[in-house]
Structure formats: structure tokens, C-alpha cells
Amino acid sequence: MRSTPRNSTITVSGVTGTVPPNGPHNQPTSDPATWYPPQQPTGAFYLNQMAPPTPPRKPPSAWWAALIAIAVIAALSVGFAIFGGDEEAPATEPAGPTAAEAIAACQEAVKLRLKSPATAQFGGEQFAPAQDRGYPAKVTGHVDSQNGFGALVRNRYECLAHAGTSWRVSDVTFSDW
């Protein structure tokens, strides 16, 4: 079942050529076993007929392992020298609330007792720590704020604050100058 006679000229897609006499598309017989002559193996069968496989690699010798180990040790020692890996952080006790936090807590408690807290201006704050555990610290100072008539008035205040995880205000007293 041949579509073109052998050694005839054909044109496909504008290219003119001849059909090969015994090419893969025009076999001389209908028996597929005779289409290609059998190849005799030549000692070894390779999947890639162009080049034989490369021989297996030898494991690296012991001096390569020693060189790599020395490089790793050198890199680690440089890292410790730069970043100081042997320093310990100083052991400190957890810090309790600070004097500034006690003053801020007392100022908020004073603002809650003013007629016009938005106009409050604080000054002269002093912090006296507690004499013993369980006793409150004392914060004193003055506050300038408007009274009910809109006049600016200065009052002294004294505040008792108890330390815990934060400051808890227990008492606020005002006095005139």
C-alpha cells in the first residue's frame, strides 16, 4: 500500500524532494521484523549510543573531610568572636512599677476629682517611696485647673499609691496654699 512510487519526486509544503528507496516510511516488505537489520551488541549495551556512561565516582578521600571540618570550625569561631556567644545576660529581678508610673497614676486620679480635668496643668511632683513593704508611696505636687466659675486655681495634692504589678491609688487629698 504505497501512496507514491519509489524514487519519485514529491512536493510537500513548497519543498520538492525524492522519496528514499528504503526509508522508514516506505519499507520493502510487509514483515516488520525485516525492516531493520538486527544489531549485534559490542560488549555492552548502552541506552545512549553516542557515548559510554561515565565511570562511578570514587568517594572523597579523608583529606577533603578534614578540610571541610577545619572550614566549619573556623567559620564558627569567627561567628562567636563577632557576636560574642559566651556572654551571659545579667540576672536582674523583674522590675516593679517606677516612680514615673506612680506620678502618672496619681495625676489620673487627681483629674477624676477636678471640675475641668481638660484644663489641668501639673507641676512640682515629688515621689516618696514606701518605708516598708505593704505601706503606700506618697506623691505630692500642685495642679492648676479651672474651677466651676472658669477661674484658674492652683491646689496642692497628696496621693497615696500602693505598688503591685501597677500602681493602685488609695487616697487623694487637696489643700489650698
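The values are calculated or read from the model by the stated rules, or taken from the named source; none is laboratory data. What you are looking at is a predicted structure, and each value in this text was computed from that prediction instead of being measured. Please note: Cβ atoms are built from the backbone with ideal geometry, for glycine as well, and neighbour counts cover all protein chains shown.
Return the residues of the stretch 110-141 that are aliphatic (A, V, I, L, M), without any contact (Cβ under 8 Å) to a residue 60 or more places away in the chain and within 20 Å of Trp167 (Cα to Cα); say none if nothing qualifies. Walk me through how you get there before you give the answer.
Kept after step one, since they are aliphatic (A, V, I, L, M), are these residues of the stretch 110-141: 110, 112, 114, 118, 120, 128, 130, 137, 139.
Those still in the list that are without any contact (Cβ under 8 Å) to a residue 60 or more places away in the chain too: 112, 114, 118, 120, 128, 130, 137, 139.
Within the stretch 110-141, Leu112, Ala128, Ala130, Ala137, Val139 meet the criteria.
Cys159 passes every criterion in (1) within 45 Å of the chain's Cα centre (by Cα); (2) at pLDDT 90 or above apart from (1). Taking the stretch 149-177 as the search range and keeping residues that are free of Cβ contacts under 8 Å to residues at least 12 places away in the same chain and not small (Gly, Ala, Ser), which one is farthest from Gly124 (Cα to Cα)? Within the stretch 149-177, the match that is farthest from Gly124 (Cα to Cα) is Phe149.
Within the stretch 133-170, track down each residue that is closer than 19 Å to Glu101 by Cα and either exposed (fewer than 13 other Cβ atoms within 10 Å of the Cβ) or not assigned by TED's automatic domain parsing to the domain that holds Glu108 (or both).
At the first step, the residues of the stretch 133-170 found to be closer than 19 Å to Glu101 by Cα are 133-143, 157-170.
Residues satisfying the conditions are Arg133, Gly134, Tyr135, Gly164, Thr165, Ser166, Ser170.
A residue that is modelled with pLDDT of 90 or more, in contact with a Gly (Cβ under 8 Å, 6 or more places away or on another chain), among the aliphatic types (A, V, I, L, M) and surrounded by 10 or more Cβ atoms within 10 Å (Cβ to Cβ) occurs somewhere in the stretch 98-119. When the stretch 49-85 is filtered for residues that are under 25 Å from the mean Cα position of the chain (by Cα) and either at pLDDT below 75 or hydroxyl-bearing (Ser, Thr, Tyr) (or both), the ones remaining, listed by number, are Gly84, Gly85.
Out of the stretch 109-145, which residues are β-branched (Val, Ile, Thr) and in a strand (DSSP E or B)? Break it down stepwise before answering.
We begin by selecting, within the stretch 109-145, every residue β-branched (Val, Ile, Thr); these are 110, 119, 139-140, 143.
Result: Val139, Thr140, Val143.
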